[in-house]
Amino acid sequence: MSDPARAGGPVVALCGGVGGAKLADGLARVMCAEDLLVIVNTADDFRHLGLWISPDIDSVLYALAGLSDPQRGWGRRDESWNFMAALRALHGPDWFQLGDADLAMHVERTRRLAAGESLGGVTDALRRALGIAARVVPMSDDPVSTRLLTDAGWLEFQSYFVRHRCRPCVQRIEFAGAAQARAHPAALESLHAGELRAVVICPSNPFVSIEPILALPQLRAALQACAAPVVAVTPIIGGQAIKGPAAKMLRELGCEVGGAGVARRYAGLIDAFVIDQADELPAAIDGVVLHRAATLMLGAAQREQLAREVLALADSLRGA
């Protein structure tokens, strides 16, 4: 019997880090992977030790290549840490962890960028080298930087997230360069495609993983004009984020702490929102279909099941 998840045409996923990468992997597993295009947040990118680091792109690439570390939730599996130990012995800046195998990704990216390649071109080369069938593109080849106003002052994202371990209270978030940044051409082309099956907003932090993508005027306009169903998945279960500061940020920025708070952030852009089965359905949100599902992805089976439910929901919205 044919698998309905594999039928229906191309899918675009908007994705941030670890949680989003898991659903992107689930989608690639249950549909024709060549029909999946993942648009990845790059406002977390930064230069460190002379290297260009793209944390969300790497999380997506490692997940799709089956290389993610299941224990830490970030970086590569079976990693070693000789470089960090040597750097620490030299009293170098060791606050941002770079594993030995992971270091190769950053060195190669930096080398290619210095040679004049675009971030999108480099990402595609790395994707192909890792044997990934799904397409992965940065939201833009232009630099965009997440900056947070906190009770400790203005912080760049990686300083807030890693060095300060998300402890400062967030008061405001800005995406420097977003207003001028050009969306990646493949991202725009895919969102404008008439045969597009669905757009999936993965369960990533809405403030610092998805909203940087939406801050690009071209991408927001393309999403608003998109004819395909747009389905978002909650990153919050039982009032808590599985990983990262999403719940803390919702609270600090005056939003409802739960799936409903995330859904309301996306209102006007999405057609449906998937909330975890353990949570109560919120009051109606205008124009948004609410759907309950098991959203905790502890392994490949859960990733695939959630991906199937998301695609089935999108298909039902377009009458497939």
Original post:
Which number in (1) within 22 Å of V18 (Cα to Cα); (2) in contact with a Lys or Arg (Cβ under 9 Å, 6 or more places away or on another chain); (3) not in a helix (DSSP H, G or I) marks the one condition that R127 misses?
Top reply: (3)
**OP:** Kindly indicate whether any position in segment 35-53 is among the small types (G, A, S), in a helix (DSSP H, G or I) and either out of contact with any Cys (no Cβ under 6 Å at 6 or more places or on another chain) or without any contact (Cβ under 8 Å) to a residue 40 or more places away in the chain (or both).
**Re:** no
Original post:
Somewhere in segment 97-107, is a residue touching a helix residue (DSSP H, G or I) at 6+ places or on another chain (Cβ under 9 Å) and either closer than 26 Å to P217 by Cα or among the basic types (K, R) (or both)?
Top reply: no
Subject >> Residues satisfying the stated conditions in segment 185-220, i.e. touching a Lys or Arg at 6+ places or on another chain (Cβ under 6 Å) and either farther than 20 Å from V289 by Cα or among the hydroxyl-bearing types (S, T, Y) (or both) >> reply: L214
**OP:** Would you tally the residues in segment 95-124 being hydroxyl-bearing (S, T, Y) and either in a helix (DSSP H, G or I) or touching a strand residue (DSSP E or B) at 6+ places or on another chain (Cβ under 6 Å) (or both)?
**Re:** 2
Subject >> Flag if A247 is in a helix (DSSP H, G or I), surrounded by 21 or more Cβ atoms within 10 Å (Cβ to Cβ) and either without any contact (Cβ under 8 Å) to a residue 60 or more places away in the chain or among the hydroxyl-bearing types (S, T, Y) (or both) >> reply: yes
Subject >> Filter result for C226 (modelled with pLDDT of 90 or more, farther than 30 Å from T150 by Cα and buried (at least 16 other Cβ atoms within 10 Å of the Cβ)) >> reply: yes
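The values are calculated or read from the model by the stated rules, or taken from the named source; none is laboratory data. Because the structure is predicted, anything quoted here is derived from the model rather than measured. Positions of Cβ are backbone-derived with ideal geometry, glycine not excepted, and every protein chain shown enters the neighbour counts.
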